[in-house]
Amino acid sequence: MMAAGMDPRSSWSRTRVEDVVWSLGQGGGFLAWRDGEAVGCVGWRPDGPDTLTLNKLATRPEVRGQGIGAALVRAVEEVAARDGYARLLLAVSQYNLDVLPFYERLGYRVDPAAVYAHAHPGSPPPTVLIKESGRTP
């Protein structure tokens, strides 16, 4: 599911199940299900006291455009607000820049000064987007 439709140069093509399991252990994640089958996933991890990093967002090609990815992003935003994070951060591979409008529609903006601490060493630096959290006191 994760690398379906991705440019083979993307770090997704080098992501193993073990990598996803490790990443989820650093924070958490959600799966989207339809008819007993996983059709989407997203993960998150804390990056310091104020930032929650959203990662591993993927949907199966046959369900893209149906709102599943947006719902998964909103679920992570709810975690950020509930747990008191001031902002969300995510990184987009230079090989997957066509997803930028998707994130921009959800309120994320490119921040050239932001740093993604988990970039894959075999890939070019990603484009980093941020969104202020609607955190609760």
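List of remarks:
- Output for the stretch 111-129, where each listed residue is of a type in the set (A, V, I, L, M), out of contact with any helix residue (DSSP H, G or I) (no Cβ under 7 Å at 6 or more places or on another chain) and surrounded by 11 or more Cβ atoms within 10 Å (Cβ to Cβ): A114, V115, A117, A119, V128
- Scanning the stretch 89-98 for residues that are among the hydrophobic types (A, V, I, L, M, F, W, C) and surrounded by 15 or more Cβ atoms within 10 Å (Cβ to Cβ) yields L89, L90, A91, V92.
- If you go through the stretch 51-81 and keep only what is modelled with pLDDT of 95 or more, not in a strand (DSSP E or B) and not hydrophobic (A, V, I, L, M, F, W, C), you end up with Q66, G67, G69, R74, E77, E78.
- Matching entry among Y85, Y95 (being at pLDDT 90 or above and within 19 Å of V128 (Cβ to Cβ)): Y85
- Apart from one condition, G122 fits all of (1) under 22 Å from G40 (Cα atoms); (2) touching a residue at least 12 places away in the same chain (Cβ under 8 Å); (3) not hydroxyl-bearing (S, T, Y); the exception is (1).
- From the options T59, T53, residue that is surrounded by 21 or more Cβ atoms within 10 Å (Cβ to Cβ) and either under 17 Å from L129 (Cα atoms) or in contact (Cβ under 8 Å) with a residue 60 or more places away in the chain (or both): T53
- V42 vs. criteria out of contact with any Gly (no Cβ under 8 Å at 6 or more places or on another chain), surrounded by 19 or more Cβ atoms within 10 Å (Cβ to Cβ), free of Cβ contacts under 8 Å to residues at least 40 places away in the same chain and aliphatic (A, V, I, L, M): no
- Checklist (1) surrounded by fewer than 16 Cβ atoms within 10 Å (Cβ to Cβ); (2) among the hydrophobic types (A, V, I, L, M, F, W, C); (3) closer than 15 Å to G43 by Cα applied to A86, failing item: (3)
The values are calculated or read from the model by the stated rules, or taken from the named source; none is laboratory data. Since the structure is predicted, the reported quantities are computational estimates derived from the model, not experimental observations. Heads up, the Cβs are rebuilt from the backbone with ideal geometry, glycines too, and the neighbour counts pull from every protein chain shown.
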